[in-house]
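The values are calculated or read from the model by the stated rules, or taken from the named source; none is laboratory data. Bear in mind that the values here come from a model prediction, so they are computed numbers and not experimental data. Positions of Cβ are backbone-derived with ideal geometry, glycine not excepted, and every protein chain shown enters the neighbour counts.
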Amino acid sequence: MLLLNKILPLFFLPVGIVLLLLLFAWWTQRRWPVGVACLLLYSGSTPYVGNRLIGWLESRYPAVSVVGVASADAVVVLGGILGAPVSLGFTPNWTETVERFEAGVALVQSGKVRRLVFTGARMKWEGLAATEGEELRKFALTRGVAAEKILVTRDIDNTATEAIAVAELMQQQGWRRIILVTTGWHMPRAAHLFARAGVNCLIFPVDFRFDRSRPVTVLDFVPKAEAWQLTETALRECYGYAFYVVTGR
């Protein structure tokens, strides 16, 4: 599983393919692999390519408003929201996915759901025994969410185990339907895994990256490190989704 999920995909991402092409060029003393590597390096680092790959994933599940979503028993906020602590008091160090937390709080405060659920990703940083969900629970309390409305799942380590943990919690609580909150480009894989786990969920994607209203400009073809990251993020997500669909894991 570690090989398939973490190491093997590296050879199918732009950086891995570029390195393989360069090694092949060195080994065979041929020039064309260098040209292909340069073309891939350039195209993968342009905002035009990165944004559209992310946009394609996001298009699977369009944005939904808090007012427009139907009611459910609980809202489940997937993890990956907190970065490493910046002080001994662990002040919030939000990552770029903080919209997940904001959406969960907004939904429970709107009355659309009765419970707010965070998942129990184990924090790896030294000196912290709490899960991310337990830390997020503290921050939700400061935002006015009542303690009895907040639950944290058992420990999890990826989206697949998040889905299983939520399915178990739903059975324990007697819930019929939840609202699933995660980043737009991550939602296709998350929705597939939750459906496979038998979770009846309404989809609530957040944190959209691609602005379809913005016209294409020359700057979209100027290489940027951020665009390279978007390209790799989108491809990783596609490979992860394909892995679970093909293997049925």
(request) Within the range 101-122, count every residue that is within 22 Å of the chain's Cα centre (by Cα) and hydroxyl-bearing (Ser, Thr, Tyr). (result) 1
(request) Can you confirm whether the range 62-85 contains a residue that is modelled with pLDDT under 95 and either over 24 Å from the mean Cα position of the chain (by Cα) or among the charged types (D, E, K, R) (or both)? (result) no
(request) Would you mind finding the one in 41, 53 that is in contact (Cβ under 8 Å) with a residue 24 or more places away in the chain, surrounded by fewer than 18 Cβ atoms within 10 Å (Cβ to Cβ), within 30 Å of residue 17 (Cα to Cα) and in contact with a helix residue (DSSP H, G or I) (Cβ under 9 Å, 6 or more places away or on another chain)? (result) 41
(request) Look through the range 109-157, keep the residues that are touching a helix residue (DSSP H, G or I) at 6+ places or on another chain (Cβ under 7 Å), hydrophobic (A, V, I, L, M, F, W, C) and part of a loop (DSSP other than H, G, I, E, B), and return whichever of them is modelled with the lowest pLDDT. (result) 123
(message) Given the criterion in the same structural domain as residue 181 (by TED's automatic domain parsing), free of Cβ contacts under 8 Å to residues at least 24 places away in the same chain and either surrounded by fewer than 17 Cβ atoms within 10 Å (Cβ to Cβ) or touching a helix residue (DSSP H, G or I) at 6+ places or on another chain (Cβ under 9 Å) (or both), identify the matching residue among 68, 35, 83, 79.
(response) 83
(request) Would you point out the residue of the range 201-225, among those that are surrounded by fewer than 11 Cβ atoms within 10 Å (Cβ to Cβ) and not aliphatic (A, V, I, L, M), that is farthest from residue 72 (Cα to Cα)? (result) 217
